[in-house]
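Data first, discussion second: the structure below is written as structure tokens.
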Amino acid sequence: MNILYMKDYVKCAPLGFLMLGCVMAVQAQDSSRRDTVIPEIRSVPGNIRTADTTIRRIMDELQKVTDSDRQNSSAIQGLLQGKEIDNLTKYELIKNNLINASETYYLLNKKIIDLKSRTTTNNLDVFITALNNPESKELGFSFSDRIVELVEKIVLEGKTDKNDRNGKIVESTKSIINSPIFQSFTALTPPLAIANSVMNFLHSVSVNNKQISQKTLQSFEKELNKYVVYYTALNDANQKFEFGLNFNKDQLNLLQDNLYDHLMFTASALKFQLPQRGNKSIGETMNDFFFDFKKEKVVDFFSQLETKYSKNKRIDYEMLLRENPNLKEVNNQLEDLILQTKRFENLYNEYFTLLDSYYSKVNNSLKIAQDNGLAAQNIIDSKQAEFRNLKNEAVSDIQASINIKELYNNTDKVKYRYRIF
């Protein structure tokens, strides 16, 4: 027999046979002692001790093997149980994240639409429009009336008559002010357009009317510019606010497009039927989709998944994850969704920054009106207080409508930092 094979054979031989062989050897020795006269009695104890030591050593080795088998068995069971627990943990993380994310998608879309629809409140719009209306007397004067008064007082030096040339100049000035062209302008520019047109008209008239000197026109323009400076400041405030709102809205549109793309991937992994956008707007498409893509239906999806992979009242999480790899990928991309909520928070805060800047610029224009003597201080103070209240009302209204804290609380439930591989 091959020596290596014999070694393996000996290693694999049951320990019981080894023990039996030792016992038989001892019995043979005892039989030999009965048939043979032992010259010295003191040699017997030595043989007995040798046999006992061999048996004890074999028993110790047997105990070690038994203990080792027990330890190995426990370790293997621990590894198997650990693997099962690990898969369960992964699944529960994915499940909870996607259920909470479904609510995040809905809330984020809803709040994007709400913020996009915001410009200012109706009351604030009415207030600004009145200040910029040439016919309005919100500050105690009508710009249209003031222009006519300045023409009569400075340009014509109080010499007017409906039937003479000066009277016709006054009537022509009134016609310019009331021109349908200016009435069709946006609320931002009529006073400035009117002032510019009247100045051009008077300069052209002065060419043939020697009574209207350049010095007279300069005096008229100086007084007119007190109003022009006020309306220019107010116009600048309106334009910058409108530009800021439009930029904010463009960024919200882009954010909603990105949300749509992200949602489509998640919905596909959860076996939802994807919406057909067609000619519909992104807002309309998303609203239609959220009639079906709801938190309750995502919960139901995972319930059906667990039923599918249940065997003997136990869920095979390893197989479930292996056969649905997209669930891991969707979970690992949830950080992108959270970043989109952060982007919305920035745009939400930018809206209030715009409103604060607008408030400051409008107040500055009112201060110019006061400094130029266009309106009394008590009127300016009253208008500034009214504008402050309207601005605070607009802030409270949008905060209550959008409820950004609701989005914060839901986002905190998504454990997006834990990636699964």
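Every read-out reported here was derived from the displayed coordinates using simple, explicitly stated rules and does not represent laboratory data. All values derive from a computational prediction rather than experimental measurement. Counting neighbours? That spans all protein chains shown, and the Cβs are built from the backbone with ideal geometry, glycine included.
If you plug the beta carbon distance of Ser136 and Lys210 into 1/(1 + (r/R0)^6) with R0 = 35 Å, you get a FRET efficiency near 0.45.
Would you work out the charge dipole size for region 138-234 about its Cα centre, treating the Cβ of every Lys and Arg as +1 and the Cβ of every Asp and Glu as -1, and quote it to the nearest 20 debye? Can you show the working numbers first?
On the way: 11 positive and 10 negative charges, 53 e Å.
Approximately 260 debye in magnitude.
Please label the shape of region 287-421 as rounded, prolate or oblate, based on the square roots a ≥ b ≥ c of the eigenvalues of the alpha-carbon gyration tensor (a/c under 1.5 means rounded; beyond that, a/b larger than b/c means prolate, else oblate). Cα axes put region 287-421 in the prolate bin.
Gain on full extension, evaluated as 0.36 nm per residue between Ser401 and Leu93 minus their Cα-Cα distance, stands at 107.7 nm.
Given a Förster distance of 56 angstrom, what is the FRET efficiency for Asn200 paired with Glu345, based on the Cβ-Cβ distance and rounded to 0.05? If you can, show how the numbers build up before the last one.
On the way: r = 50 Å, r/R0 = 0.88.
E(calc), rounded to 0.05, equals 0.70.
Packing-based ranking of 256-267, 403-414, 301-312 yields 256-267, 403-414, 301-312, ordered from highest to lowest mean Cβ neighbour count within 10 Å. The gain in end-to-end length when the Asn123 to Glu318 segment is fully stretched comes to 64.2 nm, 0.36 nm per residue minus the alpha carbon separation. Each of Lys168 and Arg417 was given a label point 7 Å from its Cα along the Cα-to-Cβ line. The distance between the two points is 8.3 nm. Placing unit charges on each Cβ (+1 for Lys and Arg, -1 for Asp and Glu) gives region 138-234 a dipole about its Cα centre, and among Gln211, Tyr230, Val170 the Cα reaching farthest toward its positive end belongs to Gln211. Between Glu296 and Glu386, full extension at 0.36 nm per residue minus the direct alpha carbon distance yields a gain of 27.7 nm.
Highest first, please rank the peptides 272-284, 381-393, 89-101 by the mean number of other Cβ atoms sitting within 10 Å of their residues. Write down the numbers at each step before the final one.
Details: 272-284: 12.9, 381-393: 15.2, 89-101: 19.1.
Descending mean neighbour count gives 89-101, 381-393, 272-284.
Determine the shape class of region 349-404: with a ≥ b ≥ c the square roots of the Cα gyration tensor eigenvalues, call it rounded for a/c under 1.5, and otherwise prolate if a/b is greater than b/c, oblate otherwise. Before the final figure, lay out the partial values.
Details: a/c = 6.38, a/b = 2.33, b/c = 2.74.
Judged from the Cα gyration tensor, region 349-404 comes out oblate (a/c at least 1.5, b/c at or above a/b).
Scaling against 2.2 N^0.38 Å puts the C-alpha radius of gyration of region 138-234 at 1.06.
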